[in-house]
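Notes follow once the structure below has been shown.
The values are calculated or read from the model by the stated rules, or taken from the named source; none is laboratory data. Everything numeric here is computed off the predicted structure, so don't read it as measured data. Heads up, the Cβs are rebuilt from the backbone with ideal geometry, glycines too, and the neighbour counts pull from every protein chain shown.
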Amino acid sequence: MRDTSIDRIMTTNPVMIGPEDSAAKARELLQTSAIHHLPVIDAGKLVGIVSSADLLKLYVLDEEVALSSLATVSQIMELNPVVLATTATLRDAAEKLMNGGFHALPVVDDDRNLVGIVTSVDLIDYLLKSLPVGDGSIVEAPEHSLPDLIEGNRLMQQVCDAAELYVRSGHAEHEHSVLIKCLAAVRDRKAPVDV
């Protein structure tokens with residue numbers, strides 16, 4: 001699974017925005033598209049990314065809402081975001097998300113043309129869909145002992161609990177960190193993580 005190509009989970013043709021577009025337009029696109037990240041494209045190349053968190057900071061910190069509506073995407077975007085190459089794997093994505101403190105990775109070709117985007121939610125969704133289901137999991141994995149399966153199920157329950165907390169939290173940084181640690185514990189079969 002960890003050597004699986006990133007194109008298995010990435011969103012192709014993501015919604016994007018230009019650097020000179022208004023913050024208000026970015027906010028509208030995020031809301032109407034039900035997404036949290038917009039790649040910023042200039043002359044066909046990825047130049048940044050703007051997130052719902054960036055917009056939230058702008059609207060919360062700016063006491064004059066009228067001034068917020070005058071801001072452009074280039075003023076609030078993350079410049080030169082961490083990206084994935086088209087040859088990246090799920091492991092590459094997981095490591096960058098775990099170590100980076102962000103929730104989305106644009107996927108670009110060698111010329112920095114946007115090919116797609118991968119989010120932490122995409123990765124979690126793929127992981128959850130890849131898990132064995134039902135009581136057939138013991139039969140499907142005879143090389144594992146019952147204690148190993150019980151421990152694996154316990155770790156997966158931690159991941160599910162952390163994922164639910166993360167989704168319900170509005171993507172708070174603490175919950176994101178807990179979720180990533182739980183995913184790493186499952187991958188490495190480490191001790192439980194305190195939630």
When you go through (1) over 30 Å from N153 (Cα atoms); (2) out of contact with any strand residue (DSSP E or B) (no Cβ under 6 Å at 6 or more places or on another chain) one by one for R112, which number turns out not to apply?
(2)
Residue check for P39: in contact (Cβ under 8 Å) with a residue 60 or more places away in the chain and part of a loop (DSSP other than H, G, I, E, B)
no
Output the residue which, of all residues in the stretch 50-64 that are in contact with a helix residue (DSSP H, G or I) (Cβ under 7 Å, 6 or more places away or on another chain) and surrounded by fewer than 17 Cβ atoms within 10 Å (Cβ to Cβ), is modelled with the highest pLDDT.
Y59
Identify all residues within the stretch 1-42 that are over 17 Å from T72 (Cα atoms) and hydroxyl-bearing (S, T, Y); write none if there are none.
T4, S5, T11, T12, T32, S33
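Counting only residues that are aliphatic (A, V, I, L, M) and not in a strand (DSSP E or B), which one in the stretch 1-24 is nearest to I124 (Cα to Cα)? Break it down into steps so the answer makes sense when it comes.
Of the stretch 1-24, the ones aliphatic (A, V, I, L, M) are 1, 6, 9-10, 15-17, 23-24.
Now restrict to residues that are not in a strand (DSSP E or B): 1, 6, 9-10, 15-16, 23-24.
On the way: M1: 13, I6: 13, I9: 10, M10: 12, V15: 21, M16: 23, A23: 29, A24: 30 Å.
Per the criteria, the residue is I9.
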Could you tell me which numbered condition I49 fails, if it satisfies all but one of (1) closer than 13 Å to S74 by Cβ; (2) hydrophobic (A, V, I, L, M, F, W, C); (3) in a loop (DSSP other than H, G, I, E, B)?
(3)
Name the single residue that is modelled with the lowest pLDDT among those in the stretch 96-144 being among the basic types (K, R) and part of a helix (DSSP H, G or I).
K129
Of all residues in the stretch 1-41 being surrounded by 14 or more Cβ atoms within 10 Å (Cβ to Cβ) and among the charged types (D, E, K, R), the one that is farthest from L131 (Cα to Cα)
D21
